[in-house]
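Contents: one structure, followed by commentary.
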Amino acid sequence: MSVDIDLVRKLPMFKSASGDLLSAVASTAQIQTIAKGQQIAYEGMSSDWFFVVLSGDIRVYKMSESGKEITLFNIADNESCILTIFSILSQKKYPAFASTQTELTALMIPAAPFKQWVDQHSALRDHIFSSLSGRLTDILDTFDQVIFQRMDSRIAKFILNKCNDINSKLMITHEQFSHELGTNRVVVSRILEAFAEEGAIALNRGCITLIDKNKLLEK
């Protein structure tokens with residue numbers, strides 16, 4: 001069954017697409033829903049599908065041989081994965097891992113026609129280069145934090161990026177926090193407990209509540 005062409009037309013990737021391309025995408029694509037917590041990509045796999053997230057959140061990350069993880073970037077509504085794109089275009093294996101952080105609904109397109117459309121349509125190529133610029137900034141920022149910033153500063157920044165207002169709650173375990181930042185859970189727990197003692201945050205099981213934004217900004 002074809003996807004609604006109006007849905008395709010509203011996606012940023014296809015906003016400048018021709019009518020012929022929109023029709024081709026609508027007749028080729030399919031919509032898929034994936035449950036929260038599913039591994040949808042792993043390092044070394046073939047990228048057989050291109051996708052655009054319609055709703056939900058995907059975490060893309062690297063994992064060491066010892067099992068330590070660090071988040072490279074997240075993919076949210078109306079976004080696609082630049083690593084998947086380049087895996088398809090270069091016909092190389094996917095270089096990271098990806099898992100769903102919420103229930104996910106995505107527009108799925110087989111790799112072969114997607115690669116053909118990129119070759120034929122400058123609008124798609126322009127979007128890819130724009131997406132690459134943004135993702136490189138995300139990844140370089142991650143490297144900068146890992147190499148140059150203290151862990152307490154990284155944890156404070158992560159909380160502030162997720163909590164906009166006082167009393168905002170971040171639903172995350174210390175184990176998940178350690179995976180996000182590529183560090184040990186014990187280190188995360190120690191720093192979060194220190195923040196709580198200072199009155200910057202409040203800790204409950206699986207939940208961090210922002211209490212004093214200024215104290216975190218000082219980190």
Axial C-alpha extent at least 24 Å, average Kyte-Doolittle at least 0.0 - helices from the chain (DSSP): 122-148
Cα-derived Rg over Rh, computed across the stretch 1-87 with Rh taken as Kirkwood radius: 1.02
Residue order, fewest to most surrounding Cβ atoms within 10 angstrom, among Glu79, Glu65, Glu197: Glu65, Glu197, Glu79
Highest-fluctuation residue, Ser80, Ser66, Ser153 considered, GNM on the chain with Cα pairs under 10 Å: Ser66
Per-residue Cβ neighbour rank within 10 angstrom, fewest leading, Leu140, Leu160: Leu140, Leu160
Contour minus Cα-Cα distance for Glu218 and Ile139 (0.36 nm per residue): 26.0 nm
Under 19 Å from the Cα of Lys219 - aspartates and glutamates, other chains or at least 8 residues apart: Asp141, Asp144, Asp152, Asp165, Glu180, Glu193, Glu197, Glu198
Debye, to nearest 20: dipole size of the chain, +1 on Lys, Arg Cβ, -1 on Asp, Glu Cβ: 200 debye
Label-point separation in nm, Thr173 to Ala196, each point 7 Å along Cα→Cβ: 1.6 nm
Matching label, Cα extents along the principal axes in Å computed from the structure shown, candidates [x] 53, 41, 40; [y] 54, 37, 31; [z] 61, 35, 29: [z]
Ranked list, fewest to most other Cβ atoms within 10 Å of each Cβ, for Met63, Met151, Met13, Met171: Met171, Met63, Met151, Met13
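Every number here is computed from the coordinates shown, using simple stated rules; none is lab data. Everything numeric in this text was worked out from a predicted model, so none of it was measured. Note: ideal-geometry Cβ built from the backbone for every residue, glycine included; neighbour counts use all protein chains shown.
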